[in-house]
Amino acid sequence: MKKTIITSLLFGTLLFACQKNAITGRRSLNIIPESEMMAMSYTEYDKFLAEHKPLPDNNPNVILVKKVGVKIQGAVEKYYADKGLSSQLDGFKWSFNVVDENTVNAWCMPGGKVVVYTGLLPITQDEASLAVVMGHEIAHAIARHGSERMSDAMLIQMGGLALGAAMQSKPQLTQAIFQQSFGIGSQLGQLKFSRNHETEADKMGLIFAAMGGYNPEVAVSFWERMAQAGSGQKPPELLSTHPSDETRIANLKAFMPEAKKYYNPAK
């Protein structure tokens, strides 16, 4: 009887922890409260920037990234407001920084904490393609994909230990799981989930870029460039965690008519 009660409570907790994606409708498991994820995110973001000095605000690359970031932020906030879901963005403290490293990568932590590496810019080549990438990475955070990965890893490696308790008892392991879950400094460790996550981020990112005033059709040529850049023995970091293949490009083309409904070139 006791075992049955515990099992029922655990099932109920996991069911309660499931959330529904605002765009795709997919349900996912997140056992970590978003407020706790954001608190950890803000700490880790500051720590990252202290160890990887960002470029100054007057740098042309920073000006471009911040310009695109603000437009994507506005698109996200409008989309969620139109859906009556603005509360899902409570606590967001948006920030856009550029790190001068020859790494083909970008990422977004919970709460809208974005970093773009200068090594990505020769492949994006233009503002619209950069918007597609930033929309994609921000979509990962909006959809809480990293939180989902971290929830899964903590269930497997820590038995579902609460985040605060995990930070107290196993701080290094918890930090490592966080960094892997959000693709910070290493490849994502939970690649078995990447297909669903990447498909969602592609769709959401296209919508956000389109709402920001960028033609979503540039996504196809960008991912083709990424595929070409990753054709050697050592693919770019972004490509290693974000597969770019014929299936992905075909999916982008298939979703394009829907994304273009949101395109407002006058922005």
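The values are calculated or read from the model by the stated rules, or taken from the named source; none is laboratory data. Nothing here was measured: the structure is a model prediction, and the numbers come from that model. These area figures cover heavy atoms from the full protein model, side chains too; ligands, DNA and RNA do not enter into them. Shrake-Rupley method; radii C 1.70, N 1.55, O 1.52, S 1.80 Å.
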Per residue solvent-accessible surface (Å²) - the stretch 44-138, probe of 1.4 Å: 41 Å²
Which of LYS53/LYS261; LYS83/LYS253; LYS93/LYS253 exceed 29 Å between C-alpha atoms? The answer is LYS53/LYS261; LYS93/LYS253
